[in-house]
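What follows is a short report on a single structure.
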Amino acid sequence: IDGGTMLAEAYLAMDPPKTAEARQALAAVGRILVSRPSKVGKAKLDIMLGHVSMAEDNPGAALANWYGVGLTQADSPELAALVREAIELSLEEAQRQIQAGNANRWNLVIELTDQYLNNFPMATNANEMRTLNVRAIGLAPEE
């Protein structure tokens, strides 16, 4: 699994990024996960798929991949690190979309910061997440 995700990362680092090849490498990872399911492996796959989607200029798809990982129950230190990374990536993209005029993303920020604080209440950036959460609650449009 790690080999496939590292290969995909290498393809994305090329100039220009070789996204089709990266997706092929990740498809192989997906086939492995079918026969040997792993929450950590699935999280790594989805985070990398998000990066491929960003390279393909499809931030909505990237956000969907990262969001899914961000909602995973972090039941091991390795998975917790991946959940944290996915939430942080999701929050960065959601805030970019808000700056571009998509106010509906504030609701996503609320959900992600809640999830972050539930999983990592003692994190060094927990106060920053609380502040962002309160700001998002104040700025989110009524649904």
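Values computed for the structure shown
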item	result
Region 76-87, residues that are closer than 30 Å to Ala20 by Cβ, touching a residue at least 12 places away in the same chain (Cβ under 8 Å) and either within 13 Å of the chain's Cα centre (by Cα) or not in a helix (DSSP H, G or I) (or both)	Leu79, Leu82, Val83, Arg84, Glu85, Ala86, Ile87
Residue ID - nearest to Val109 (Cα to Cα), chosen from residues in region 63-75 that are open to solvent by 60 Å² or more (accessible area, probe 1.4 Å) and without any contact (Cβ under 8 Å) to a residue 40 or more places away in the chain	Ala64
Residues of region 2-35 that turn out to be of a type in the set (S, T, N, Q), under 22 Å from Glu78 (Cα atoms) and surrounded by fewer than 17 Cβ atoms within 10 Å (Cβ to Cβ), as a count	1
Residue list for region 36-62, restricted to those being under 19 Å from Asn102 (Cβ atoms), under 13 Å from the mean Cα position of the chain (by Cα) and open to solvent by 10 Å² or more (accessible area, probe 1.4 Å)	Met54, Pro59, Gly60, Ala61
All positions within region 115-143 that are of a type in the set (Ser, Thr, Tyr) and either within 18 Å of the chain's Cα centre (by Cα) or part of a loop (DSSP other than H, G, I, E, B) (or both)	Tyr116, Thr124
Residue check, Ala140 within 25 Å of Thr19 (Cα to Cα) and surrounded by 13 or more Cβ atoms within 10 Å (Cβ to Cβ)	no
Filter result (open to solvent by 40 Å² or more (accessible area, probe 1.4 Å) and of a type outside the set (Asp, Glu)) within region 77-90	Pro77, Ala81, Arg84
Qualifying positions in region 91-114 - surrounded by fewer than 13 Cβ atoms within 10 Å (Cβ to Cβ), assigned to a helix (DSSP H, G or I) and not polar (S, T, N, Q)	Glu92
Verdict on Leu117 being in contact with a Lys or Arg (Cβ under 7 Å, 6 or more places away or on another chain) and open to solvent by less than 60 Å² (accessible area, probe 1.4 Å)	yes
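The values are calculated or read from the model by the stated rules, or taken from the named source; none is laboratory data. What you see is a predicted model, and the numbers here were worked out from it, not measured in a lab. Glycine also receives a Cβ, built like all others from the backbone with ideal geometry; neighbour counts cover every protein chain displayed. We work out accessible area using only protein heavy atoms, side chains counted, and drop any ligands, DNA or RNA first. Shrake-Rupley method; radii C 1.70, N 1.55, O 1.52, S 1.80 Å.
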